[in-house]
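Colleague: Got a structure here, written out as structure tokens. Questions coming.
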Amino acid sequence: MNLPLITLLDRMNLQTESHPVCPRILMVKGIRFLSEHTERLKKDYLYIGPAIPKKAEYERGTAALVCKLEGDPGFFAFQLSEGEEVSYILNQAQDVLEEMNQWEEQLKELIYGQKGLQEMIQLFSKIMGNPAYLVDSSFKVLAIDKAPVLSEISAIWKHLVTYGYLSYDILDQMRRADEIRLMDSYEKAVIFHLDSFNNPFINYNLRWEGKIRGHLFIVGYFKKITPGDEAYADYLGRMVLLALEKDMKYSISRGKDYENFIHHVVSGTLKEKEEINRQLAPLMWDMEGRYCVMRYLPEEEDEIQTEVMCAELENMHSSKPVIMDGEIVTIFSLEGTKGIEKLEKLLEVFVEKNGGYAGLSDEFDGFYRSSVYYRQALICLDMGRELLKKPFVSYRHYAVLHLLFLGQKNVDMKMVCDKAVFRLLDYDREHHTEYCHTLEVYIRNERNIGAAAEELYIHRNTLLYRIARLKYLTGVDLDDYQTRVRLGVSFYIVRYLIRI
């Protein structure tokens, strides 16, 4: 294997403060004795000997450990400490490289034998001498070192093992401290010391096709994490990506197949119920269950932040978010809930915090109907941006407005309105009163005097006077149900469509 040189030196206890820091890009695939007769030093080999021959040529990417170093040889080299024998150092380097090659063979056997992510993580822990775990982009555990002693690391580790995901409180704390964005911004494995965690750790972002699909963590618990561990974690991370590509269970529940499935369902390109049911089974959702769909347009185009928000949505509620054209499409399961109201409140806070616009569909029965209700979510998103200027719109509150919006192309909306509304608007303008708004609030609160007066911030008697007065001005019969319905529709039209 090509082992990072800094990892080799770490494991030989040679990467100390008294030696120069080894560049992370240098790799080693073999060890060679450096004698006075060596004419050329080859790339990706570590040469160990008494000294560097003065006339020796070298390739870019070579390295040397010598007893005596004179001047700058033009490549990475450092002088061994006094008393260190060349033969001992040479044998030690060969032993470390052989051991790491054996680890690599075991890893490849696990990957190509499709033994599973859990066995890989257990092997990672042995190789690194520290506990390891693997999570998806929403911080749900894919595999974790389950050694009993590890439950004592921290409450976080115990929660990961017990419940299979990082707690929402910790995720929220990390988001507020901008720690997730910091972690996601790196292409290579990096050592972190974050306030949200008790121990330093290495994070490697599992990224392909420009998206972060998960994280590999190595936690500094049994021994101090070193730069050599950091460099080797790059290799382990690539092995995980290779394993995930070959893991069919992951592919259909979290990977490309899963994303394509959600895309095809909401877009309506996959309509066959049998095929939908087959692909839905690994997600542990019921074909005939209760669902709703949201489309969310972030305030800014930010790949990392979009991934963070996907993780937040998945941890907030039982959901399956995917990114489509820079926007987040999420199907929520409503099984085990009494209705959509609680989810609406959570999403309203989510949008208020993160900015942008979101539209939520009605709840519906049958996962296979997702594409129909996805169009509702799109309608709500458009109405919120263009018509209502409202960041979050739930279809169940604006279904009537949607019908009116569609109808205005063929019907003069003023003809639909109850003339009492126009009379009150004219009167209010002339006399600086609020009878039209009073009537709207009164109708919306189903003629409940207490609730309407509270919303208007007036006394009950004042409201009763206004109701009597507006009845006198318009002759409207508020005891008639059809009249109240038409008035409610009229207020929608006046407020959102004709804007008188």
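Colleague: Taking a 19 Å limit on the Cα-Cα distance, which of the listed pairs K211/K320; K126/K224; K146/K246; K353/K389; K126/K188 fall beyond it? Mind dumping the intermediate values first?
Modeller: Numbers: K211/K320 16 Å; K126/K224 15 Å; K146/K246 23 Å; K353/K389 16 Å; K126/K188 22 Å.
With Cα atoms farther than 19 Å apart: K146/K246; K126/K188.
Colleague: Taking the chain as the reference, fit the longest principal axis to its C-alpha atoms, fit the long axis of helix 460-474 to the helix C-alpha atoms, and give the angle between the two in degrees, 0 to 90, nearest 10.
Modeller: Once rounded, one gets 60 degrees.
Colleague: Something else now. Name the residues whose placed amide hydrogens come within less than 5 Å of the amide hydrogen of M324, ignoring near sequence neighbours (fewer than 5 apart) on the same chain.
Modeller: HN-HN under 5 Å from M324: V329.
Colleague: Related question: So what's the net charge close to E59: Lys and Arg +1, Asp and Glu -1, counting the other residues with Cβ under 11 Å from its Cβ? Intermediate results must be reported in sequence, preceding the final value.
Modeller: Working: positive: R40, K42, K43, R60; negative: D44, E57.
Surrounding charge for E59 is +2.
Colleague: Here's something else I'd like to know. Could you tally up the Lys pairs in the stretch 3-104 with alpha carbons closer than 15 Å? Skip any pair fewer than 8 positions apart unless they're on separate chains.
Modeller: On the way: K29/K42; K29/K43; K42/K55; K54/K68.
So the count of such lysine pairs works out to 4.
Colleague: Can you list residues from other chains, or at least 5 along the same chain, whose modelled amide H is less than 5 Å from the amide H of F392?
Modeller: Excluding prolines and chain starts, which carry no amide H, the hits are A358.
Colleague: Indicate, rounded to the nearest 5 percent, the antiparallel portion of the DSSP beta bridges found entirely in the chain. Walk me through the numbers on the way to the answer.
Modeller: Details: 40 of 58 bridges.
Roughly 70 percent of the beta bridges in the chain run antiparallel, per DSSP.
Colleague: Please give me, ordered by residue number, the GluC sites (Glu not before Pro) of the stretch 260-304 that lie in loop per DSSP and have at most 12 other Cβ atoms within 10 Å. Let's see the in-between values first.
Modeller: On the way: sites: E272, E274, E275, E288, E299, E300, E301, E303; in loops: E272, E288, E299, E300, E301.
Those that pass, being in a loop and sparsely packed, are E272, E288, E299, E300, E301.
Colleague: So how tilted is helix 227-246 from the main axis of the chain? Cα-based, degrees 0 to 90, rounded to 10.
Modeller: 60 degrees
Colleague: Hey, another quick one. Quick one: net charge around V476, please, counting Lys, Arg +1 and Asp, Glu -1 for every other residue with C-beta under 14 Å from its C-beta. Don't skip to the end; give the middle numbers.
Modeller: On the way: positive: K419, R423, R447, R466, R469, K471, R484, R486; negative: D418, E440, D477, D479, D480.
Once all neighbours under 14 Å are counted, the net charge is +3.
Colleague: Kindly write out, for the stretch 387-404 in residue order, the coupling ³J(HN,Hα) from the Karplus curve 6.51 cos²θ - 1.76 cosθ + 1.60 (θ = phi - 60°), rounded to whole Hz, with x marking Gly and Pro.
Modeller: Once θ is set to phi - 60°, the couplings for the stretch 387-404 become 10, 8, 6, 10, x, 10, 10, 9, 4, 5, 8, 10, 4, 4, 4, 4, 4, 5 Hz.
Colleague: Tell me the trypsin sites (Lys or Arg not before Pro) within the stretch 23-76 that lie in a loop according to DSSP and have at most 16 other beta-carbon atoms within 10 Å. It would help to have the intermediate numbers written out before the result.
Modeller: Numbers: sites: R24, K29, R32, R40, K42, K43, K54, K55, R60, K68; in loops: R24, K29, K42, K43, K54, K55, R60.
Answer by residue number: K29, K42, K43, K54, K55, R60.
Colleague: Which entry is the computed Rg/Rh (Cα atoms, Kirkwood Rh) for this structure: (i) 0.97; (ii) 1.18; (iii) 0.95?
Modeller: Here the calculated entry is (ii).
Colleague: Please list, in chain and number order, the residues 5+ apart from L142 or on another chain whose amide H is under 5 Å from its amide H, with Hs placed from the backbone.
Modeller: L134, V135, D136
Colleague: Additional query: How far, in degrees from 0 to 90, does helix 370-382 lean away from the longest principal axis of the Cα atoms of the chain, to the nearest 10?
Modeller: Between the helix axis and the principal axis of the chain, the angle is about 70 degrees.
Colleague: For the stretch 102-116, what does the Karplus curve 6.51 cos²θ - 1.76 cosθ + 1.60, with θ = phi - 60°, yield as ³J(HN,Hα) per residue in whole Hz, taken in order and with x for Gly and Pro?
Modeller: 5, 4, 4, 4, 5, 4, 5, 4, 5, 5, 6, x, 6, 6, x
Colleague: Could you run the Karplus curve 6.51 cos²θ - 1.76 cosθ + 1.60 with θ = phi - 60° over the stretch 33-50 and give me ³J(HN,Hα) per residue in whole Hz, x for Gly and Pro?
Modeller: Calculated HN-Hα couplings, in order: 7, 9, 10, 5, 9, 5, 9, 9, 9, 8, 4, 6, 10, 9, 9, 10, x, x Hz.
Each reported figure results from applying straightforward, stated rules to the coordinates on display, with no laboratory input. Note that the structure is predicted; figures quoted are calculated from it, not measured. Positions of Cβ are backbone-derived with ideal geometry, glycine not excepted, and every protein chain shown enters the neighbour counts.
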